[in-house]
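K.L.:
My structure is below; once you've seen it, I'll send some questions.
The values are calculated or read from the model by the stated rules, or taken from the named source; none is laboratory data. What you see is a predicted model, and the numbers here were worked out from it, not measured in a lab. Every residue, glycine among them, receives a Cβ derived from its backbone with ideal geometry; neighbour counts consider all protein chains shown. Each accessible area value is taken on the protein alone, full model and side chains, heavy atoms only, with ligands, DNA and RNA left out. Shrake-Rupley method; radii C 1.70, N 1.55, O 1.52, S 1.80 Å.
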Amino acid sequence: MKNLFYSLIALTLLLFVSCKETTSANKAEVEETKEVKKTTAAPDYDAFNKKVATLRSFLKAHENEDLNAQKELLTDTLKWSPPYYNGNQILGKEDYLAVLKNYQDNFENINYTEGIRLGDIQEDGWWSGSAFPEGKASTTPDAIRIYGTWTAIHTESKKEIGVKWFAIAWLNEAGKIAQMTEYFDVNGIAAQIAEE
């Protein structure tokens, strides 16, 4: 009977100690989680929405062939990486405006449809921030990723063309486009015009 009594006491002490250790470990986990939450900022949705509004205005001005409105939304020190490979040379504001003017002079009914189309699925065309890779995860809308499709009618041939478009834009504190890099099939446009 004595042995049973001592065994029960030992078992009770063992349970008490193990529960206390678990509680201490849980408290440490909770504290660690709180620290992670403190260092992880909430996404700045207002800043993202303001930048998207500026970029939408820029794209709408291109649809309207309003080069002056586009010019006003670009910084004088714009850094532009064109969609075609040029040895990774960064071009400036005047280079970008000349290309935009060329499109506006040679195409009509320029139309932009934002978003990613995957069959019947339509995804949003505006993205920023990331969760991956872990070491570079960000909740700030520094770089805005833009996905969409441009269509137009080639003025001379009257052929309708279309091109999927992806760009990354960075805006400065004044809300102007400071950097832009674009990706689309430039030669695909020429091929569509040349098609019989």
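K.L.:
Could you tell me whether Ile153 is open to solvent by less than 40 Å² (accessible area, probe 1.4 Å), more than 25 Å from the chain's Cα centre (by Cα) and either in contact (Cβ under 8 Å) with a residue 12 or more places away in the chain or within 19 Å of Glu123 (Cα to Cα) (or both)? Working first, answer last.
P.N.:
Numbers: open to solvent by less than 40 Å² (accessible area, probe 1.4 Å): no; more than 25 Å from the chain's Cα centre (by Cα): yes; either in contact (Cβ under 8 Å) with a residue 12 or more places away in the chain or within 19 Å of Glu123 (Cα to Cα) (or both): yes.
No; evaluated as a whole, the condition is false for this residue.
K.L.:
Do any helices (runs of 4 or more DSSP H) entirely within the stretch 1-110 hold 1 or more residues that are modelled with pLDDT under 90, and if so, which? Give the derivation first.
P.N.:
Numbers: elements: 2-39, 45-63, 67-72, 93-106.
So the answer is 2-39.
K.L.:
Among (1) in a strand (DSSP E or B); (2) open to solvent by 40 Å² or more (accessible area, probe 1.4 Å); (3) under 19 Å from Gln70 (Cβ atoms), which single condition is Lys164 missing?
P.N.:
Lys164 satisfies all of (1) in a strand (DSSP E or B); (2) open to solvent by 40 Å² or more (accessible area, probe 1.4 Å); (3) under 19 Å from Gln70 (Cβ atoms) except (3).
K.L.:
Filter the stretch 172-196 for residues that are touching a residue at least 40 places away in the same chain (Cβ under 8 Å) and either open to solvent by less than 20 Å² (accessible area, probe 1.4 Å) or within 15 Å of Asn106 (Cβ to Cβ) (or both) and give the result.
P.N.:
Passing the criteria: Ile177, Met180, Thr181, Glu182, Val186.
K.L.:
Another question, then. Go through the stretch 103-123 residue by residue and tally those that are open to solvent by 80 Å² or more (accessible area, probe 1.4 Å) and within 22 Å of the chain's Cα centre (by Cα).
P.N.:
4
K.L.:
So Thr140 fits all but one of (1) under 22 Å from Arg56 (Cβ atoms); (2) modelled with pLDDT of 95 or more; (3) of a type outside the set (A, V, I, L, M); (4) open to solvent by less than 80 Å² (accessible area, probe 1.4 Å); what number is the exception?
P.N.:
Going through (1) under 22 Å from Arg56 (Cβ atoms); (2) modelled with pLDDT of 95 or more; (3) of a type outside the set (A, V, I, L, M); (4) open to solvent by less than 80 Å² (accessible area, probe 1.4 Å) one by one, Thr140 breaks only (2).
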